[in-house]
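Everything on this sheet refers to the single structure shown next.
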Amino acid sequence: SSTISPTSIVSVTPASAGSRREGGALRICTGCAASGGDLSRYRYVVLNSWDAPLLPALKAANPGLKALVYKNLSFTMSYTCSGGIDNRYLTAGVGYCDADRNHPDWFLTDPGGSRLNSYYFQQAWMMDVGNPAYQASWLSNVLADVRSAGWDGVLLDDTNTDMSWHLHGRTIARYPTSAAWRAATRSMLATVGPALRGSGFLAIPNLSAPWASDYDAQATWSDWLQFTSGAMQEYYSKWGSAASGWFAGNDWTYRQQFQELTESAGKIFLGLT
């Protein structure tokens, strides 16, 4: 559902020596790129915006490396703002302070008018992904960031078909149903994905499509892929970070279908475990 974090995230996928269908693994660590770790054998890295100074050395050591900058699609973060001023480098596409001051209508609320944050990430605030002005601002800010630092593309976190995990029982007034939220997210992905790709950058959403009774998850995944360079699937082979929770049976079969759909479309698949 999310890899929101106030710390530096590095996700790396080993380069494949064989065909596209050869497997790989993805590693997450904090600070491993900055601490001199050997990333020369990896094909993709996902870094935060403030890690841009690392790119020249990383690419010199590995010319085939694709560096993706982390940007959240659905949230803005209040921890990246202080004294009314947003940080220079952001994990979101829109700064919290700027939105709070100039675009309060971009913040989603519950039916009582209270702003909605993630239940699990209290400083992550839900934004109106269906609002064309928010979409345009997000895209403009992200394009400026990727162009300024030599990024190869963007990891669009929280590209979710459903927000119930973050909501934890609450309701979005503007999008009271999962179907309404999916339509809004699709409209944003249809705007920013092709624009990023048309500007020469990869667009890889962390696409959450859980089992549900109100929609066809595989059809939605395939539909949304048309706008992107591929997709990341979080919890690719297990839940959590313990040495348990591995998928088996129908759970395994269900989740593997998304890799098949992505590769069949000729797109990049990144499995995050």
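The values are calculated or read from the model by the stated rules, or taken from the named source; none is laboratory data. All values reported here derive from a predicted model rather than from experimental measurement. Note: ideal-geometry Cβ built from the backbone for every residue, glycine included; neighbour counts use all protein chains shown. We work out accessible area using only protein heavy atoms, side chains counted, and drop any ligands, DNA or RNA first. Shrake-Rupley method; radii C 1.70, N 1.55, O 1.52, S 1.80 Å.
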**Asked** Is it the case that the stretch 213-235 has a residue that's within 26 Å of Val45 (Cβ to Cβ), out of contact with any helix residue (DSSP H, G or I) (no Cβ under 7 Å at 6 or more places or on another chain) and of a type in the set (Gly, Ala, Ser)?
**Response** no
**Prompt:** Within the stretch 43-54, can one find any residue that is touching a residue at least 40 places away in the same chain (Cβ under 8 Å), hydroxyl-bearing (Ser, Thr, Tyr) and closer than 21 Å to Thr185 by Cα?
**Reply:** no
**Prompt:** Which ranges mark the strands (runs of 3 or more DSSP E) fully within the stretch 176-273 that have 2 or more residues being touching a Pro at 6+ places or on another chain (Cβ under 9 Å) and modelled with pLDDT of 90 or more?
**Reply:** 230-234
**Message:** Residues to consider are Gly245, Gly240; find the one that is exposed (fewer than 15 other Cβ atoms within 10 Å of the Cβ) and in contact with a strand residue (DSSP E or B) (Cβ under 6 Å, 6 or more places away or on another chain).
**Reply:** Gly245
**Asked** Is there a residue being acidic (Asp, Glu), in contact with a Lys or Arg (Cβ under 8 Å, 6 or more places away or on another chain) and farther than 20 Å from Ala92 by Cβ anywhere in the stretch 127-135?
**Response** no
**Sole exception among (1) in contact (Cβ under 8 Å) with a residue 40 or more places away in the chain; (2) open to solvent by 20 Å² or more (accessible area, probe 1.4 Å) for Gln259, by number** = (1)
**Fill in**
If we ask which residues in the stretch 177-213 are open to solvent by 40 Å² or more (accessible area, probe 1.4 Å) and within 9 Å of Thr161 (Cα to Cα), their number turns out to be 4
